[in-house]
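I have placed the structure first, in the form of C-alpha cells, so that the comments after it can refer back to it.
Each value in this text was obtained by applying a stated rule to the coordinates, not by laboratory testing. Since we're looking at a predicted model, the values are computed, not measured. Positions of Cβ are backbone-derived with ideal geometry, glycine not excepted, and every protein chain shown enters the neighbour counts.
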C-alpha cells in the first residue's frame with residue numbers, strides 16, 4: 001500500500017515535470033491546443049466515474065456541470081476580472097454545490113430515472129443561461145485573455161499545464177476514494193443499495209459525497225475552457241456531446257479502476273483529435289457512438305477488463 | 001399585458017399540442033412503461049421516422065401520413081431487432097444491465113442522430129401536403145390546419161392503441177408480461193417473444209408519430225434532444241405504462257408549454273417539460289395514475 005503511494009506520486013511528479021519541460025521546449029502551439037482537449041476529457045471521465053463507475057449512477061448531466069464551470073468562469077471574468085486560479089476554485093465550489101443539489105433532488109431515484117433527471121437539470125440550467133443577458137444570452141460572449149503569467153510564454157501552454165495539474169488532482173482524488181471506505185461503500189451501494197443500507201453503510205451520505213466531489217471536479221475541468229476558447233455560448237458549453245463522450249470514454253476504459261477512464265479518455269481523445277483534423281466532427285461522434293455500443297455489448301468491463309483477462313490467461317498458461 | 005383571449009388561445013393550442021405529445025410518447029409508454037426497457041433512443045427513432053417520411057414525400061410526393069404508415073412495418077422490424085439485441089446482451093445475462101443498458105440506448109441514439117446528419121445535413125427539412133400552411137379562423141383565434149390534422153391522427157392513434165392493449169388477445173398478453181413474466185412462462189407462453197412483439201409495436205407507432213412530428217413543424221437532426229424531455233416527462237407523469245394517463249399527462253404538458261410560450265416567449269419553452277419531469281420525479285415518482 002505504502003509503496004504504491006510512493007510510486008503514484010512519483011509518477012504524478014514526473015508527469016507534471018514532463019508537461020512543464022514540453023511547454024518550455026516546443027514552440028508550436030498546436031500540440032498544446034489539441035492536447036488540452038484530451039487532458040480535459042481525462043479530468044471529466046475520471047470525475048464522472050466516481051459516481052457512474054463506483055456508485056453505478058449514470059450521470060447524463062456531465063454537460064450541466066461542465067457548462068456551469070464555463071459560465072462560473074465567464075461570470076467571474078466579466079464581473080471582477082478574476083484570475084484563472086480563482087475561476088477554477090470557484091467553479092469547483094459551485095460544481096460541488098450543484099452536485100449536492102442533484103444528490104438531494106434525486107435522493108429517491110435510481111437507474112434510468114436518475115439519468116433522465118440529470119439530463120433535465122442540464123437543459124433547465126442551459127435555458128436559464130440562455131435567458132441571462134449579463135453572460136451573453138443565446139448569442140454567446142467574447143472574452144479577452146489577460147497577459148500570460150511569467151514561466152510560460154503563451155496562454156495556451158499555461159492552460160495545458162493547468163489542465164495537467166487538474167488531471168493529477170482528479171486522479172489522486174479518485175484513487176484515494178477507490179482505496180478508502182468511501183469507495184468500498186459506493187461499490188456496495190452499486191451492487192445492492194438496500195443490502196448496503198441494512199449492513200450499516202451510510203448510503204445517502206456517500207451518494208451525496210460522491211455527487212459533490214464528482215460535480216466539483218467536472219466543473220473545475222470545464223472552467224478553463226472559457227479562456228481556452230476565448231468565447232462561450234450556452235449551446236456549446238452545455239452540449240450533450242460532452243455527456244456522451246465522457247460516458248463512452250469511462251465505459252470503454254472500464255470503470256472498476258481509475259486507470260480505466262484515463263485510458264479510455266486518452267484513447268478516444270486522441271482518435272477524436274485525429275478524426276476531427278482528417279475527416280469531420282460528425283464522423284467523430286459516429287465513431288464514438290459505435291465504439292460505445294460495441295464495448296457495452298462485447299466488452300462489459302472495458303479495456304481494463306480485457307487486459308485483466310489477458311493477464312489472468314497468461315498466468316494460467318505459466319502455472 | 002394579460003388578456004383572457006390570449007390565455008384561451010394558448011389553452012386551445014395547448015390541448016392540440018398535448019394530444020400530439022401523447023402520440024409521440026405512447027410508444028415509449030409501452031417500451032419503458034410496460035416493458036421496463038430504458039429506451040433513451042426513442043426520440044432519435046422518432047426523428048429518424050420524420051426523415052423517412054420526408055424522403056418519401058420529397059421523392060415520390062406521397063402524403064406524409066400515408067408515408068408514415070408505409071414505413072411503419074420497417075420500424076416494426078427495427079423494434080424487433082433492437083429488442084432482440086438488448087435482450088441477448090443484457091436481459092438474458094442479467095448482470096449490471098442498468099448502467100450498460102442505458103449507455104447502449106444512449107449510444108444508439110447518437111449513432112442515429114449522426115447518420116441523419118451525414119445523410120441529410122443539419123438544415124431543417126419539411127414536408128408538403130394540401131393541408132399544410134392553411135389556417136382556420138374561429139372568433140379571433142387562428143388555428144393552423146396542420147395542428148388539427150396532427151391532433152386528430154394523434155388522438156386516433158392513442159385511443160386505438162389503448163383499445164388494442166385492453167381488448168385484443170395480444171394486447172392483453174403484453175400487459176400480462178408487464179405484470180408477471182414468470183406467471184406467463186408457467187402458462188406455457190414465451191414472455192420474451194411477447195416482449196419483442198410489443199417492442200416492435202411500440203417502434204411501429206413511432207413511425208406514424210414521426211409523420212406527425214414533421215407535419216407539425218420542420219425537423220432537424222438534433223431535435224431528439226428536446227424530445228427526450230417531452231416524452232419521458234409524459235411517460236413518467238402518466239404513471240408508467242398507462243395509456244389514458246399518457247394522454248392526460250401529455251395534455252397537461254402541452255397546455256403548460258403553450259401558456260409559457262405565449263406569456264414568456266419561446267426561449268423558455270424547452271425547459272418546461274424538463275422542469276415538470278424533475279418536479280414529478282422528486283415529488284410523485286409513481287405518476288398521476290401510478291401502478
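A few comments on the model shown:
- Calculated mean residue ellipticity at 222 nm for chain A: -25500 deg cm²/dmol, from DSSP H runs with n ≥ 4 weighted as -39500 (n - 2.57), summed, divided by the residue count and rounded to 500.
- Sites residue B:244 and residue B:92, calculated FRET efficiency, Cβ-Cβ separation with R0 22 Å, nearest 0.05: 0.10
- Computed FRET value (nearest 0.05) for residue A:294 with residue B:74, which takes r as the C-beta separation and R₀ as 30 Å: 0.80
- Its relative contact order, with pairs defined as Cα atoms under 8 Å and 6+ residues apart, puts chain B at 37 percent.
- Descending semi-axes in Å of segment A:67-184, equivalent ellipsoid built from Cα gyration tensor: 29, 24, 10
- Tilt relative to chain B, helix B:269-283 - C-alpha long axis, 0 to 90 degrees, to 10: 40
- Taking Cα atoms only, the orientation of helix B:224-238 departs from the longest principal axis of chain B by about 70 degrees.
- Each principal axis of chain A carries a Cα extent, and these read 59, 46, 41 Å when sorted largest first.
- Fewest-first sequence of B:131, B:21 by Cβ atoms within 10 Å of each Cβ: B:131, B:21
- Shown for B:263, A:291: other C-beta atoms within 10 Å of each C-beta, ranked fewest to most, produce the order B:263, A:291.
- Based on Cα contacts under 8 Å between residues 6+ apart, segment A:28-318 shows a relative contact order of 33 percent.
- Solvent-free Debye scattering, log10 I(q)/I(0), computed from the Cα coordinates of segment B:64-157 at q = 0.17, 0.18 Å⁻¹: -0.98, -1.03
- P(r) tail for the protein assembly as shown: Cα pairs beyond 44 Å make up 21% of the total.
- As a rough footprinting exposure proxy, the listed residues B:233, A:198 were ranked by other beta carbons within 10 Å of their own, and the order from fewest upward is A:198, B:233.
- Span from the segment A:251-269 Cα centroid across to the segment B:128-176 one, whole angstrom: 47
- Kirkwood hydrodynamic radius over Cα pairs of segment B:152-248, then Stokes diffusion coefficient at 10 °C and 1.306 mPa s, in µm²/s: 106
- Segment A:175-319 shape via C-alpha gyration tensor axes, a/c threshold 1.5: oblate
- Rounded, prolate or oblate (a/c below 1.5 giving rounded, otherwise prolate when a/b exceeds b/c) for segment A:253-292 by Cα gyration tensor: oblate
- A simple spin-label model places the labels of residue B:8 and residue B:148 1.8 nm from each other, with each point 7 Å out along Cα-to-Cβ.
- If you wrap the tightest convex hull around every Cα atom of chain B and split its volume per residue, you get 135 Å³.
- Computed [θ] at 222 nm, deg cm²/dmol, chain B (DSSP H ≥ 4; -39,500 (n - 2.57); rounded to nearest 500): -24500 deg cm²/dmol
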